[in-house]
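Please read the structure below before turning to the comments.
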Amino acid sequence: MKRGLLIAAMAGMVLTSNVANAAAPPASWDGLVKVKSKRLDLAYLQPGADFRGYTKVMLDPTEVAFEKNWQRDYNSSSRDLSSRVSDRDVQQALVKGVAASNEIFAEAWSKGGYQVVTEPGPDVLRIKTGVVNITVNAPDVRTSSRGVTLAPEAGQATFFIEARDSLTGALLGRAVDQRYAGDYGGGNWRTSASNRGDFRDLVSGWARDGVNGLNNLKALSPIRP
């Protein structure tokens, strides 16, 4: 199975406290072993990996993707034709999402004390991230109405992060996490503007988790099986 498909498959089986019947995640994944994580739903590390020498990061463009049937399901439930999400709306949202996510992750690593570089090196960790399976309750489309939606949350998404040695390509770790965007519970007015802010906060939280996670891995290195 290709790496991208495998990541998508794992993202689909993220465990949350609200999914009691979800299948148990595997104990190993591409040679990585499952470890406990305080912040992320699933985390896997390469036994013996040593993260202490990495002071710089090389960031791949963030993968951004909506849940496969989100557009279809949203449009089928919309009574106002002008509020339906077009293919163009989806593509524009993806372009904006990639640009915003790239900016957020780069800023987080820089603030965390890691130089963001574009070339491999012995002290460079290559980071791949993705924000996928996105659903949005109030898409940014023009409507003939006020353009607000009453919903318990702005939407949700699944995050994945993968770390490799930049020179050898050796896989050192992966993690997957699923969260709601915005405050969950009750009913709140959701608009396209508030959703953009909620999703930006969501991605910013994952970016900080990535930086803090590497700092913790340095303290725990070399990783024991």
Give me Arg200, Arg164, Arg72, Arg174 sorted ascending by neighbouring Cβ count inside 10 Å, so fewest comes first. Arg72, Arg200, Arg164, Arg174
Quick check: pseudo-label points 7 Å beyond the Cα along Cα→Cβ at Ser86 and Asp201, how many nm apart are they? 3.2
Placing each pseudo-label 7 Å from Cα in the direction of the beta carbon, Lys96 and Ser28 end up separated by a distance in nanometres of 4.5
5 Å is the cut-off here: which amide hydrogens, built 1.01 Å from N in the peptide plane, fall below it relative to Glu67, excluding neighbours closer than 5 in sequence? Asn133, Ile134, Thr135
Return the subset of Lys34/Lys56; Lys38/Lys111; Lys56/Lys96; Lys36/Lys96 for which the Cα-Cα distance in this structure is over 29 Å, preserving the input order. Lys36/Lys96
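Just so you know, all these numbers are worked out from the coordinates, no wet-lab data involved. On a predicted model such as this, the values are computed, not experimentally measured, just so you know. Don't worry about glycine lacking a Cβ; one is built from the backbone with ideal geometry, like all the others, and counts go over all protein chains shown.
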